[in-house]
């Protein structure tokens, strides 16, 4: 799966057991939705959550948003039925929880193929254990279906016995390792949810950190965090203006027989042009998503 400059600034988890949440999500300005059959669903509600999610996707109304389904682990009594439903659901991706080795990805890919899943249905892996972090590179290369990684910082910090403080110093090595593995494989990478939904300042700071590191966006657990995530992970007006200047200056330099240009005292080469084009493309995709949905950006 090739990484595309599609908006993934805000990917909201939606509990499959909550009919009201499934309906309300149609009117939310998140770039993507992750229908959850795992952590947010009690054991006695697993089957009904699966049926609810199937029905919600069949009904539609989610527009251009990217739609993923987080299934239960294949080792559980619900995992295979979840995968079978997801294969025929019309979603764009399936999220596997707590992936620790490449074999789990290959098994899921095989089951999806047998269930008749389209080739475009991507597999996403939650990387949320020390073993998963250490094996991120081999997991990323496990199947052509790989679409992205999602970091699960809560489980990871528990296993590490880490004390999480603002700035996430204890997790930075793991975050960077997972991001590096994703980028080396050409797949997307999303940051972990922020669980204190009343701490907007802390949430925004963590989004800023993740955006600076290079994450595509953040997974969310509450609609109130959609707007700040969309703002922080989107290219700013200043960044877009600079991108246009870089592209124009480099094109002018090429026309004069040079491979480099100088913009505001800084050397500009092909790599800067590639980044500039990606930012402009991302901004265009965001604009299309906003226009189609009729919702605030």
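We did not get these values from a lab; they are worked out from the coordinates using the rules stated. Given the structure is predicted, the values throughout are model-derived calculations rather than measurements. Neighbour counts are summed over all protein chains in view; Cβ atoms, including those assigned to glycine, are modelled from backbone coordinates with ideal geometry.
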Between 0 and 90°, nearest 10: helix 200-213 axis offset from the chain longest Cα axis: 60
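Based on DSSP, what percent of beta bridges with both residues in the chain are antiparallel, to the nearest 5? Walk me through the intermediate numbers first.
Details: 3 of 33 bridges.
Of all bridge pairs located within the chain, approximately 10 percent are antiparallel.
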Expected-Rg normalisation [2.2 N^0.38 Å, Cα atoms] applied to segment 192-267: 1.56
Helix 46-59 vs. the chain, principal-axis angle (Cα, 0 to 90°, nearest 10): 50
Segment 237-293 - Rg and Dmax from Cα coordinates, angstrom: 13.1, 44
Gain on full stretching of the segment that runs from residue 88 to residue 39 - 0.36 nm per residue minus C-alpha separation: 15.4 nm
Three principal axis lengths of segment 1-122 [C-alpha, angstrom, descending]: 38, 37, 25
R0 of 35 Å, Cβ-Cβ distance residue 170-residue 258: FRET efficiency to nearest 0.05: 0.15
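What 222 nm value per residue comes from the helices of the chain, counting each DSSP H run with n ≥ 4 as -39,500 (n - 2.57) and dividing by all residues, nearest 500 deg cm²/dmol?
On the way: 12 runs with 139 residues, N = 297.
Mean residue ellipticity, 222 nm, calculated: -14500 deg cm²/dmol.
Provide the three semi-axes, in whole Å and in decreasing order, of the ellipsoid equivalent to segment 50-130 as defined by the square roots of 5 times the Cα gyration tensor eigenvalues.
Details: eigenvalues 87, 35, 30 Å².
Over the Cα atoms of segment 50-130, the ellipsoid semi-axes are 21, 13, 12 Å.
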For segment 145-170 versus segment 104-122, the gap between their alpha-carbon centres in whole angstrom: 27
Residue 75-residue 240 FRET efficiency (beta carbon distance; Förster radius 41 Å; 0.05 resolution): 0.35
Cα-projected label distance for residue 58 with residue 275, points at 7 Å along beta-carbon direction, nm: 4.8
Crossing angle, helix 172-185 versus the chain [Cα axis fit, 0-90 degrees, rounded to tens]: 80
Volume per residue that the Cα convex hull of segment 114-213 spans, once the total is divided by residue count, Å³: 120
Structure-derived semi-axes √(5λ) of the Cα gyration tensor in Å - corresponding label in (i) 30, 25, 19; (ii) 33, 21, 20; (iii) 50, 22, 15: (ii)
Amide N of segment 182-197 lying under 18 Å from the label point, which is placed 7 angstrom from the Cα of residue 222 along Cα→Cβ: 192-197
Label-to-label distance, nm, for residues given as residue 131 and residue 23 (7 Å Cα→Cβ offset): 4.2
